[in-house]
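The values are calculated or read from the model by the stated rules, or taken from the named source; none is laboratory data. No experiment lies behind these values; they were computed from the predicted model shown. For neighbour counting, all protein chains shown are included, and Cβ atoms are generated from backbone atoms with ideal geometry for every residue, glycine included. For accessibility, only protein heavy atoms count, side chains too; no ligands or nucleic acids. Shrake-Rupley method; radii C 1.70, N 1.55, O 1.52, S 1.80 Å.
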Amino acid sequence: MSVPTRKRLREMLASGKTAWSAGAFDAVSAKLIEEAGFDVMLSSGFAISASHLGEPDVELYTMTENLAVVRNMVRATSIPLIADVDTGYGNAINVMRTVREFEQAGVAAVIIEDQAVPKRCPAIADVLELVTVEEGEAKIRAAVAARTDPDLVIVARTDAGTEEETIARAKRYAAAGADMIQPISRGFTDLDSLKRLRDAAGVPLSLQIMRWLETDLTPDQIEEVAGIAHYPLVALLTATDAMRRNLAAVRAARSTRINLPVGQTPLGDFKTFIGFDRVMDLQAQFLTGTEPG
């Protein structure tokens, strides 16, 4: 599965068209993203930290905890998965191990950011501390050296707060071998500034569609500059909102016979969605010695 999805992602990027993505936090959300028709998916560090630890995205979970979640997402789906691997969990040597582990798990791309350890998610933190550009550059070189499949896409994320510094870092990361650059949106104010970044870096942009990128730009404008456009938190936030409302209604009524939202998945449909009958059929085939169909 991993090699075909990597090639597919490479083909998407080579086509010049924008690949649209949503952020997953477990295997079920990953399957729902695929079912919705997204081209690719992102493993959202923010969402994984919130859903698995109930904690903010400040690099509290370990590389192996992240890897376990991502591996299950890859196994459950067939579209390319882009893994958020935070800072690479250490220095350049740690980055090498991180890239190898996630590559073996079957991801199509990894995103490595240039914050100091422990990082803070820029969606919720106002103050960010960055490593030197030299250290950020070294991590990208290490990631490129560590991959064994040249189709694995290396995305260098810079959390620099100004357009000038973002462009300076992006150029060096691209020169170090990054296939894509991902900026945080606070360093940019309009579409033209993103075009300047893309042109200066000389590689496609990976954009997280949040803040002004989501409110001020149309999808057509995003497609002018983005190689990949991610909605990183849509699955987590919509799931949380739906669960909060439904659980409150069930608790108040002391019954599940309530008016659930339109589109609520019945249990029977969910069994089909997660492949219960398929697994039971396989078990029966193995018990009877017949070939799986």
Which residues qualify? For VAL85, with a placed amide H closer than 5 Å and at least 5 residues away or on another chain, they are ILE111
Show me 162-175, 82-95 ranked by packing, highest mean number of other Cβ atoms within 10 Å first.
82-95, 162-175
Per-residue ³J(HN,Hα) for the range 31-36, Karplus 6.51 cos²θ - 1.76 cosθ + 1.60, θ = phi - 60°, Hz, x for Gly and Pro
5, 5, 5, 4, 4, 6
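Quantify, in whole percent, the carbon and sulfur part of the accessible surface of the range 167-293 (1.4 Å probe; protein heavy atoms only).
Details: 4340 of 7700 Å².
Solvent-exposed carbon and sulfur of the range 167-293 make up 56 percent of the total.
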Obtain the nm distance between the two label points defined at VAL279 and GLU35 by a simple spin-label model: each point lies 7 Å from its Cα along the Cα-to-C-beta direction.
1.5 nm
Given a 1.4 angstrom probe, what's the average accessible area per residue across the chain, in square angstrom?
49 Å²
Report, to the nearest 10°, how far helix 191-201 tilts away from the longest principal axis of the Cα atoms in the chain, using its own Cα long axis and a range of 0 to 90°.
70 degrees
Please find the FRET efficiency linking LEU191 to ILE124, where r is the Cβ-Cβ separation and R0 is fixed at 25 Å, and quote it to the nearest 0.05.
0.50
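Once neighbouring chains are kept in place and the probe is 1.4 Å, which whole percent of the accessible area of the range 1-145 is contributed by carbon and sulfur?
Working: 3110 of 5850 Å².
For the range 1-145, the apolar C and S fraction of the accessible surface comes to 53 percent.
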Cα long-axis angle, helix 2-15 against the chain (0 to 90 degrees, to the nearest 10)
50 degrees
Can you list residues whose amide H is under 5 Å from GLN208's amide H, if they're 5+ apart or on another chain and H is modeled 1.01 Å from N?
HIS230
Taking the structure as given and computing Cα Rg over 2.2 N^0.38 Å, which label from (i) 0.91; (ii) 1.06; (iii) 1.22 fits?
(ii)
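Which of the peptides 20-31, 52-63 is most tightly packed, and how do the rest follow, going by the mean number of other Cβ atoms within 10 Å of each residue?
Working: 20-31: 23.1, 52-63: 14.8.
Those peptides, ordered most packed to least, come out 20-31, 52-63.
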Tabulate in residue order the Karplus-calculated ³J(HN,Hα) for the range 38-47, using 6.51 cos²θ - 1.76 cosθ + 1.60 with θ = phi - 60°, rounded to whole Hz; enter x for Gly and Pro.
5, 5, 9, 9, 10, 8, 7, x, 4, 6
Could you state the angle between the C-alpha long axis of helix 63-76 and the longest principal axis of the C-alpha atoms of the chain, as a value from 0 to 90 degrees rounded to the nearest 10?
60 degrees
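What FRET efficiency do you get for HIS52 and THR290 if R0 is 35 Å and r is their Cβ-Cβ distance, rounded to the nearest 0.05? Could you put the intermediate results ahead of the total?
Working: r = 39 Å, r/R0 = 1.11.
According to the calculation, E is roughly 0.35.
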Other-chain or far-sequence residues with amide H under 5 Å of LEU42's (modelled H)
ALA22, GLY23, ALA24, ILE82
Short version: ³J(HN,Hα) in whole Hz for each residue of the range 106-123, in order, from phi by Karplus 6.51 cos²θ - 1.76 cosθ + 1.60 (θ = phi - 60°), x for Gly and Pro, what are they?
x, 6, 8, 7, 10, 10, 10, 9, 9, 7, 6, 8, x, 6, 10, 5, x, 6
